[in-house]
Every structure is written in C-alpha cells, then in structure tokens.
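The values are calculated or read from the model by the stated rules, or taken from the named source; none is laboratory data. Note that this is a predicted model, so its numbers are computed, not measured. Cβ coordinates were reconstructed from backbone atoms using ideal geometry, including for glycine residues, and neighbour counts include every protein chain displayed. Ligands, DNA and RNA are excluded from the accessible area calculation, which covers all protein heavy atoms including side chains. Shrake-Rupley method; radii C 1.70, N 1.55, O 1.52, S 1.80 Å.
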Amino acid sequence: MPPTTESNPAAGSAVKRRRAAIVFNPSKGDVPALKKAVRAAEKNHGWAASLWIETAVDDPGKGMAADAIAQNVALVIAAGGDGTVRSVSATLRNSGVPLGIVPAGTGNLLARNLDLPVNDVPLALDIAFGGADRPIDALLVDVTRPNGGTEQHLSLVMSGVGIDAAMISNTDPDLKKRVGWLAYVDAGLRILPASKPFHLHYRMEGRHAHRVRVATVLVANLGKLPGNIELIPDAELDDGLLDVAVLQPKNAWGWLMIWRRISWENQVLRKTAVGRQILDLTGGDKRSEMVYLRGTGIELRIEEGAQELEIDGDEFGVASAVTFTTDAASLIVRVPDAA
C-alpha cells in the first residue's frame, strides 16, 4: 500500500513542522484506535500529520522505513511486534533518524528492556513524539546456511543457536495468541526431553577458538526476557559489547543448576553487595553448566550438520555457522525524557 498522510487542518501553516512516519503491522492491534491516538499525540506535541505505511507479508518493515527516510521524516514509529521493530531498525541503523516504538506483539523484547510501556498506546506515543533520543547498540548477524548461502540480519535483544531456537520454532501459534509468551514454556517442556547436545566451535573476536558440547548458545545485546527473567544480567544496550551465555548441562541436574542460577543468583543474589560476596565465596559464577562471555564479536560454527537459529524470539531456519558483531551506538531510540 502506498504511503498516505492523514488530513490535518493546520497543514497549510507557514511554520514547517516536523513529521513522523508510522510503519504499522495491520494484523497487530486496533489500527483505527492507533490512528486516533497518533492524531492526539501529533496535536499535543506540535507535529504535522504523520505518514502512514503498512508492512507486508514479504517485508515487515525494511522497505517501509526506507520510504519514510526518503520523504525526510524526523521520526519513524514502528507499531507492531518484535519483527516489525527489528526490520524497521535494520534500515534506520546509522541513518540518524530516531525510532519510536508502539509495542503490539507477544514478546515486545526491546520495549521491555527499555522500560517502555507495552500496554499503553497513548503513553508510548507520548514518548515517541516527545521523549529523549538514546543511542543503543545493534548486533549484526551473518548467517551461513547448510547449502553455503549467506545473509545478514539485525538483532536488538537476544539470539540463539540450539534448543532455544527449536523451542521457538515449535511454539503453538494458537496458544501464543491466547496466553502470549507463556506459550514458549509449553514448547520448552515438549522439546527439552528430546533435545540432544551438539558440538560447536566458537571464537570470541581477538581470542582463541574453543570446541564445546552445548545445548544452546545465546548472544545478547540485552539480558531481560518476559516475566522479568534476567538471563544475562550484565548485558547492557549501550556498552559497545555483546554478551554470550554458553549452556552446557550434562543432565537434568545441570538444567536445574542453570535454572537456579537464572532465578535465584541472577535475580536475587547479584542485586546486593552481600549476595555478590556469597557468589564469590561459593564459586557461583564459575560453574560449568552456564558460562558467560563478553566481547565485540563471536563466531559460531556447528561441527556436524546444522542447528536452528532464532533472532529476538523469531525463528530464522537452520544455520551451519553464525557470526555476531556489535555495531555500537548505531540506532537512536526514543525513551522517556528524564527531565
């Protein structure tokens, strides 16, 4: 659908006002209500009528964001799920045009990590039109397929190779619509008993390669998942680094230790100085079931065959090798103005 501009009585004003573009997924949320809320936000913040561009099945946002930039908008607002936000961001990266977010998906991972409202469209728009600009990192994901084909994608939150990707690809879409992110738990309970470890070679940028037997490897720009689960608590969205979690449980006990580390150590003990002293004394950060790494890039190569890949909670098929590289401070996001 070609871009359209909503009517505005003040469009003929002699003062040229800033204009935004709304890149929206028509299958997510109440579009008439969204348009009404946008008109109110435009009026409140003194912006001109926005450019409206629908996403398509074969393009969830990249081309639409390019159209918006070509029309010299001052802001692009992604209204949709994580796929829409990620796709729009891939085009906005290094453009200097800020991204506003109106979450309308299941996970809304970037919005949650930025503490943006996920159930309040007027407030999300208020932040988009009137908030502060914050530069954040993005991760470039270079994928090699089993047939030798290559492609590049963008990750803003967390990606994985192994069981977590298999879990996402096996999530029941109908259950996901009914219960949201809890549907991933159902998929995990079904996948975990049949999952098998695999051998992987990884090399952090500038370091030696390692061969490990893993259940999954997670590469993160941000560390918080739905339900306030802090999988990688030290991950920061603007430190110029990526954080890696290598999960290598040997048995069911190993999975219990991983869950203990996530639910107790990460979310409770690490929050206080006393808790961190306990971890130092007990060696909590040195157990082999879950190893944390940090750097500017990492190469992953599957030793035999291929494994499923997920990027920010969406399935991306199977890969035989994946390289993640940090693109520091390359995306500008609208966040609440601290002032």
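Of the numbered criteria (1) open to solvent by 60 Å² or more (accessible area, probe 1.4 Å); (2) assigned to a helix (DSSP H, G or I); (3) under 26 Å from ILE311 (Cβ atoms); (4) modelled with pLDDT of 90 or more, the one ARG112 fails is (4). Checking GLY83, GLY105 one by one, the residue that is assigned to a helix (DSSP H, G or I), closer than 30 Å to LEU225 by Cβ, modelled with pLDDT under 95 and open to solvent by 10 Å² or more (accessible area, probe 1.4 Å) is GLY83 and no other. When you scan the range 94-101, do you find a residue that is assigned to a helix (DSSP H, G or I) and closer than 23 Å to VAL31 by Cβ, even just one? The answer is no; no qualifying residue exists. Could you check, for the range 126-134, whether at least one of its residues is in contact with a Pro (Cβ under 7 Å, 6 or more places away or on another chain), in a helix (DSSP H, G or I) and over 22 Å from ARG19 (Cα atoms)? So far as the range 126-134 goes, no, none of its residues is in contact with a Pro (Cβ under 7 Å, 6 or more places away or on another chain), in a helix (DSSP H, G or I) and over 22 Å from ARG19 (Cα atoms). For PRO233, the conditions (1) part of a strand (DSSP E or B); (2) out of contact with any strand residue (DSSP E or B) (no Cβ under 8 Å at 6 or more places or on another chain) all hold with the exception of (1). Scanning the range 284-339 for residues that are in contact with a His (Cβ under 6 Å, 6 or more places away or on another chain) and over 30 Å from VAL76 (Cβ atoms), we see that the one that is modelled with the lowest pLDDT is GLU303. Exactly one of (1) modelled with pLDDT of 95 or more; (2) in contact with a strand residue (DSSP E or B) (Cβ under 6 Å, 6 or more places away or on another chain); (3) buried (at least 21 other Cβ atoms within 10 Å of the Cβ) is unmet by GLU42. Its number? So GLU42 meets the others, but not (2). Among residues of the range 125-137 being in contact with a helix residue (DSSP H, G or I) (Cβ under 7 Å, 6 or more places away or on another chain) and open to solvent by less than 10 Å² (accessible area, probe 1.4 Å), the one that is farthest from ILE311 (Cα to Cα) is PHE129. Of everything listed in (1) outside any helix (DSSP H, G or I); (2) touching a Lys or Arg at 6+ places or on another chain (Cβ under 9 Å); (3) touching a residue at least 60 places away in the same chain (Cβ under 8 Å); (4) among the aliphatic types (A, V, I, L, M), the single unmet condition for VAL118 is (3). Remark: pairs (first residue in the range 304-322, touching a residue at least 40 places away in the same chain (Cβ under 8 Å); second residue open to solvent by 40 Å² or more (accessible area, probe 1.4 Å) and small (Gly, Ala, Ser); Cβ separation under 8 Å; 6+ apart in sequence or on different chains) = SER320/GLY305.
Of all the residues in the range 210-235, those that are under 17 Å from ILE298 (Cβ atoms), surrounded by fewer than 20 Cβ atoms within 10 Å (Cβ to Cβ) and touching a residue at least 12 places away in the same chain (Cβ under 8 Å) number 3.
Mind listing whichever residues of the range 59-80 are crowded, with 24+ Cβ neighbours inside 10 Å and of a type in the set (Gly, Ala, Ser)? GLY61, ALA65, ALA68, ALA78, ALA79, GLY80 - these are the residues of the range 59-80 that are crowded, with 24+ Cβ neighbours inside 10 Å and of a type in the set (Gly, Ala, Ser).
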